[in-house]
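Since the structure comes first, as structure tokens, the remarks are kept for the end.
The values are calculated or read from the model by the stated rules, or taken from the named source; none is laboratory data. Note that this is a predicted model, so its numbers are computed, not measured. Cβ atoms come from the backbone with ideal geometry, glycine included; neighbour counts cover every protein chain shown. Accessible surface areas use protein heavy atoms only, side chains included; no ligands, DNA or RNA. Shrake-Rupley method; radii C 1.70, N 1.55, O 1.52, S 1.80 Å.
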Amino acid sequence: MTENGFRAEEIDTSRPHPARIYDYLLGGKNNYEVDRETGDRLAATAPEVWSGVRANRDFLRRAVRYVVGDGIRQILDIGTGLPSSPNVHEIARASAPDVRVAYVDNDPIVNTYANVLLRGSAATSIALADLRDPRAILDHPEVRRVIDFDQPVAVLLVAVVHFLTEADEPGRVVATLRDALPAGSFLVLSHVTGDFADRSAASAVYDNATATLNLRSRERIERFFDGFTLVEPGLAEVPFWRPDAPPRTGPGEIGFYGGVARKTG
């Protein structure tokens, strides 16, 4: 725990961090040699990871446009990762300039970069906090500064829940966030899976990282949406969730599920 009352990772550039690995796989430059080495090992065991992270990023864009198009004007993006344009606030405000966005990540390096990017924005904030302590996220002053939990909110858990172990009680974590949301809110969630191939070797690449990679089945991932109603097409492989154009990959080639769901009561 830090002096601010939440658990956050120390800055440790000797160990790979999922946010920086993801940045590398997306072609970013805010990463270290240890992150690049880990990303290359991951790609050696699961070559589809290069297209997978991009398909997941495209899913994020489409999901944000969907919830904003449905009237959402507040977004809580947990596990945001390093800034990668277009960022969530840029995607959202292209459709609705009044959208407010709170970013949350447990990596101080993410926090530093995002603070520089968002400096001076009254409608956007960045909080250093850990998904494993969802109550601390909900109560964080930087989250509360831009998010009014009496009004509908879209919570983004994009490519982050798979870094929670079963000991972290991911179902409890998501339920805590759900219970804080009023009717009309949304959950946007994506998660890696081993449904289509044995990806135990890929998962093992993260054993020395600051968070492990935990593969889950479609059935297990779908349970994270308990208390929500999935919008069509339900939980789907991310390239097939409301694509803008015919997907360039076939079924089972990516290993990412994604879904968007509305809280109706």
Would you be able to tell me the number of residues in the stretch 161-215 that are closer than 30 Å to residue 264 by Cα, part of a loop (DSSP other than H, G, I, E, B) and open to solvent by less than 20 Å² (accessible area, probe 1.4 Å)?
4
Counting just the residues of the stretch 144-160 that are open to solvent by less than 50 Å² (accessible area, probe 1.4 Å) and touching a Ser or Thr at 6+ places or on another chain (Cβ under 6 Å), which one comes out farthest from residue 199 (Cα to Cα)?
146
Being of a type in the set (Val, Ile, Thr) and within 19 Å of residue 171 (Cβ to Cβ) is the filter; apply it to the stretch 220-259 and report the residue that is most open to solvent (accessible area, probe 1.4 Å).
229
Only one of (1) closer than 21 Å to residue 251 by Cα; (2) over 17 Å from the mean Cα position of the chain (by Cα) does not apply to residue 159, and that is (2)
Test residue 57 against the criterion of being farther than 30 Å from residue 251 by Cβ, buried (at least 18 other Cβ atoms within 10 Å of the Cβ) and not hydrophobic (A, V, I, L, M, F, W, C), and give yes or no.
no
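Yes/no per residue for (1) open to solvent by 60 Å² or more (accessible area, probe 1.4 Å); (2) at pLDDT 95 or above; (3) among the acidic types (Asp, Glu); (4) more than 14 Å from the chain's Cα centre (by Cα):
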site: 64; (1), (2), (3), (4): no, yes, no, no
site: 67; (1), (2), (3), (4): no, yes, no, yes
site: 76; (1), (2), (3), (4): no, yes, no, no
site: 79; (1), (2), (3), (4): no, no, no, no
site: 87; (1), (2), (3), (4): no, no, no, no
site: 90; (1), (2), (3), (4): yes, no, yes, yes
site: 99; (1), (2), (3), (4): no, yes, no, yes
site: 102; (1), (2), (3), (4): no, yes, no, no
